[in-house]
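The values are calculated or read from the model by the stated rules, or taken from the named source; none is laboratory data. Since we're looking at a predicted model, the values are computed, not measured. Neighbour counts are summed over all protein chains in view; Cβ atoms, including those assigned to glycine, are modelled from backbone coordinates with ideal geometry. Ligands, DNA and RNA are excluded from the accessible area calculation, which covers all protein heavy atoms including side chains. Shrake-Rupley method; radii C 1.70, N 1.55, O 1.52, S 1.80 Å.
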Amino acid sequence: MIAEIINVVLLGLLVITAVAAIRLHDLFAVVMVFGIYSFLAATVFVVLDAVDVAFTEAAVGAGISTILMLATISLVGRWERRPAHRPFLPILVVVVTGGALVYGTLDMPNFGEQSTPVHEHIAPYYLEQSKSDIGIPNVVTSVLASYRGYDTLGELTVIFTAGIGVLGILGIRRRREEKNSEG
Amino acid sequence: MLIIVVIALLMAMALALLRAIRGPTVYDRILAANVFSTKTILMITTFGFFVGRPELYIDIAIMYGLIGFIGTVAVLKVSEFGNLGQSGPQSGGQ
C-alpha cells in the first residue's frame, strides 16, 4: 500500500519535472531539473525493486549526462533561443506514440507475476546451471560476462565509439583556441 | 513510524523541486538539486528499512551520495569558471 502511494507521488513529481524542463528557457536550470529527474526516476526504480537499473540510471543520468550537458552549455551558451516553428505537429506525434505505448502496456503481464515468458524461457536454466557452468557466485555477472558475452562486447564497442565522438567534439574547439592564441 | 518519515521525505522532495523550478538565481537551483539528491539518499535508505533489507539499500544510497557529490562539484565549477575543461578560472588573454 505504502509502495503504491510512494509510486504515485514520485510519478507525479516526474511529470511536474518533465513539464518544467520543457517550460524553462535557462538551460543551466534545465540541466539542474534533469538531474532531479534522474534522481526521481532512480528512486522509482528502487521502489519497483529494479536495483541494477537504478544504479545505471543514477550513474548515467545524474552523474555523466549532467556533466556532459554542462560541457555542452559551456560551448553553446546559457539561454535558449526562441523556436522558429510551431510545436503542434511534434506534440501530435508524441501524443499518438505515447497513446500507442500505453495501449501496448494493456497486454503486458501483471507486475511481479511468476508465469511470464521472461521467467519461464531461459532464466531458470541460468539460475540453476550458472554455478556449474561458469563458477561465479553472482548470476548477473555470469549472464552478462559469459552467457551474453558477445552482446556485452557489442555494447562496450558502442559506448567506446560514443566516448571517442564526445571527446572529439569537446577537444577540437580547445585545440583551435590554443592555435588562435599562439598565432 | 516509517510511513511518517516517508511522507515527510516526499513533501521535502516536492518543496525542493518547487525551489528548483521557481528559483530566481542559479545558486537556488544548485542547492535545490543538491537537496534533492540528499532526499533521494534518505528515501532509498528509509525504503530499505521498510522492505526489510537495509544492508542492500544502504550500499545503493552510498553510491548515490558519491554521484550527487560529483555532479554538484561539476555544476559549481561550470557556474564559477564557465568551463569544465580548465583547472582554474579562464585567463583574461583569450
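Which net charge results for the neighbourhood of A:Glu120, defined as the other residues with beta-carbon distances under 15 angstrom from its beta-carbon, given Lys and Arg at +1 and Asp and Glu at -1?
So the surrounding residues net to -2.
Accessible surface of A:Leu167, taken over heavy atoms with a 1.4 Å probe and every protein chain present, rounds to 130 Å².
Across every pair of non-identical alpha carbons in segment A:43-183, the mean reciprocal distance, once inverted, gives a Kirkwood radius of 20.5 Å.
With the charge dipole of chain A set up from +1 on Lys and Arg Cβ and -1 on Asp and Glu Cβ about the Cα centre, the Cα lying farthest toward the positive end among the listed residues A:Gly112, A:Trp79, A:Pro90 is that of A:Trp79.
Counting only Cα atoms, segment A:1-80 measures 46, 25, 10 Å along its principal axes, largest extent leading. Using the Cβ-Cβ distance between A:Ile64 and A:Asn110 with R0 set to 51 Å, the FRET efficiency works out to roughly 0.90. Counted as membrane-span-like here are DSSP H helices of chain A whose alpha-carbon atoms extend 18 Å or more along the helix's own axis and whose Kyte-Doolittle mean is 0.5 or above; these are A:2-23, A:27-47, A:88-105. Computed over protein heavy atoms with a 1.4 Å probe, the carbon and sulfur contribution to the accessible area of chain A reaches 68%. Dividing the summed helix terms, -39500 (n - 2.57) for each DSSP H run of n ≥ 4, by the number of residues in chain A produces a 222 nm estimate of -23500 deg cm²/dmol to the nearest 500.
Taking the Cβ-Cβ separation of A:His121 and A:Val76 as r and a Förster radius of 51 Å, what is the calculated FRET efficiency to the nearest 0.05? If you can, show how the numbers build up before the last one.
Working: r = 46 Å, r/R0 = 0.90.
Computed FRET efficiency for A:His121 and A:Val76: 0.65.
Two tests apply to each whole DSSP H helix in chain B, Cα reach of 20 Å or more along its axis and mean Kyte-Doolittle hydropathy of at least 1.6, and the ones passing both are B:2-22.
Extending 7 Å from the Cα toward the beta-carbon at both B:Glu55 and A:Ile164 defines two label points whose distance is 4.4 nm. In a shell of Cβ-Cβ distance under 15 Å around B:Thr40, excluding B:Thr40 itself, what net charge do Lys and Arg (+1) and Asp and Glu (-1) give? Neighbour charge sum, excluding B:Thr40 itself: -1. Just need log10 I(q)/I(0) for the protein assembly as shown at q = 0.11 Å⁻¹, Debye formula, equal scatterers on the alpha-carbon atoms, no solvent, rounded to two decimals. So the normalised log intensities are -0.83. If a/c stays under 1.5 just call it rounded; otherwise compare a/b with b/c (prolate if a/b is bigger, oblate if not). Do that for chain B, with a ≥ b ≥ c from the square roots of the Cα gyration tensor eigenvalues. Taking the square roots of the gyration eigenvalues as a ≥ b ≥ c, chain B is oblate. Counting charges near A:Thr157 (Lys, Arg +1; Asp, Glu -1) among other residues having Cβ under 15 Å from its Cβ returns a value of -1.
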